[in-house]
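Everything below concerns the one structure shown next.
None of the figures in this text is laboratory data; all of them are computed from the coordinates on show. All values derive from a computational prediction rather than experimental measurement. Glycine also receives a Cβ, built like all others from the backbone with ideal geometry; neighbour counts cover every protein chain displayed.
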Amino acid sequence: MHRDNMTANWTTVCDLDDIVPNTGVCALLNGEAVAVFHLNASEPRVYAVSNFDPNSNASVLSRGLVGNLGERIVVASPIYKHHFDLQTGECLEAPEHSIATYPARIENGKVLVGA
């Protein structure tokens, strides 16, 4: 499930500088735990996915390691090390356990997530 940028209700999560580059934090949006990641490549980017890892039944993805597998930007769950694509939410090892993604953007130094 991915919310469209045009229909999303945007919520300010934090300042971009509050998230250490190439790591994530957990935010509570409308009762949902959302993992928000700050990637610092040539231009900073943010991604938001469900914080819940369906493989381990634990809310831990914001604590995962961010990296890439080929062209895909992923987070590896800290429990079973399954990789989740930060753009699509697909679980690479178990696609039936894919997760929700949310639109995210940077505006005036703030991180906004659509829910």
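Assorted remarks:
- Taking Lys and Arg as +1 and Asp and Glu as -1, the other residues whose beta-carbon sits under 9 Å from that of Gly109 total -2.
- Cα gyration tensor category, rounded, prolate or oblate, for the range 17-74 with a/c compared to 1.5: oblate
- Förster radius 30 Å - calculated FRET efficiency between Glu32 and Glu71 (Cβ-Cβ, nearest 0.05): 0.60
- Close amide H pairs (under 5 Å, H built 1.01 Å from N) link Asp53 with Ala58, Ser59, Val60, Leu61, residues at least 5 positions away or on another chain.
- Amide H contacts under 5 Å for Ser98, placed H, 5+ residues apart: Cys91
- Which labelled figure in [x] 21, 16, 13; [y] 34, 14, 11; [z] 29, 13, 12 is semi-axes √(5λ) of the Cα gyration tensor in Å, once derived from the coordinates: [x]
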